[in-house]
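One structure below.
The values are calculated or read from the model by the stated rules, or taken from the named source; none is laboratory data. From a predicted model like this one, the values you see are computed outputs, not experimental measurements. We place every Cβ from the backbone using ideal geometry, glycine too, and count neighbours over all the protein chains shown. With ligands, DNA and RNA removed, areas are computed over all heavy atoms of the protein, side chains included. Shrake-Rupley method; radii C 1.70, N 1.55, O 1.52, S 1.80 Å.
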Amino acid sequence: IKYLITNNATPEQAVSKVQNAADDIFYDVTYLIKHGANASNIYVINLPNLGITPEATNNGKDTGGFKVRLFESLSKEFNQRLEKNLHATKVHIIDAEKFFDDIVKSKYIKIADTKYSFSNINQSACNFDGKNALMCVPENYESGKYDKYLFAGQVHPSTYTHKVFSVYMKNIISQ
């Protein structure tokens with residue numbers, strides 16, 4: 001089966017691309033270490049489960065279809081490859097997969113005794129045909145309505161999600 005992800009890539013080609021992306025990050029990390037960086041000061045963020053994105057779920061309408069399973073498998077493959085590559089180093093992996101999965105499971109995440117709630121975890125704040133959240137203005141915009149959406153666009157997190165993720169990262173780094 002040929003499935004259009006990007007540039008007419010087959011699932012096999014997509015797996016190869018995510019493996020190469022993880023290998024590229026490993027190369028960059030080892031380059032930094034070889035050139036004097038302390039590995040324990042390096043933090044790498046893994047991928048969230050891409051199967052939860054509005055792009056994969058048809059804006060929350062199909063949470064178990066082929067595209068969801070394909071995107072889940074690609075992000076899992078990337079994360080497993082990244083973990084395997086970085087295992088022998090002292091580099092830290094910030095678990096974006098867990099962060100997003102926790103939010104999707106309960107519509108909130110608790111970080112250092114503070115609860116961050118999300119009003120919508122399935123749909124994009126934008127109702128548009130493009131894939132670029134930077135060009136997004138939500139249809140029938142109402143101030144505050146989209147402030148706590150998990151996703152701004154089809155794959156990109158909202159400003160609020162970025163803010164909460166920065167708190168999550170700060171909490172991990174400061175431990």
Quiz item: Only one of (1) more than 30 Å from residue 122 (Cα to Cα); (2) touching a residue at least 40 places away in the same chain (Cβ under 8 Å); (3) charged (D, E, K, R) fails for residue 24. Which number is that?
Solution: (2)
Quiz item: If you check residue 51 against the conditions, is it more than 30 Å from residue 174 (Cβ to Cβ) and at pLDDT 95 or above?
Solution: yes
Quiz item: What number of residues within segment 54-94 are hydrophobic (A, V, I, L, M, F, W, C), open to solvent by 10 Å² or more (accessible area, probe 1.4 Å), modelled with pLDDT of 95 or more and within 14 Å of the chain's Cα centre (by Cα)?
Solution: 2
Exercise. For residue 21, work out the one condition from (1) surrounded by fewer than 19 Cβ atoms within 10 Å (Cβ to Cβ); (2) of a type in the set (A, V, I, L, M, F, W, C); (3) more than 18 Å from the chain's Cα centre (by Cα); (4) under 30 Å from residue 175 (Cα atoms) it doesn't fulfil.
Key: (3)
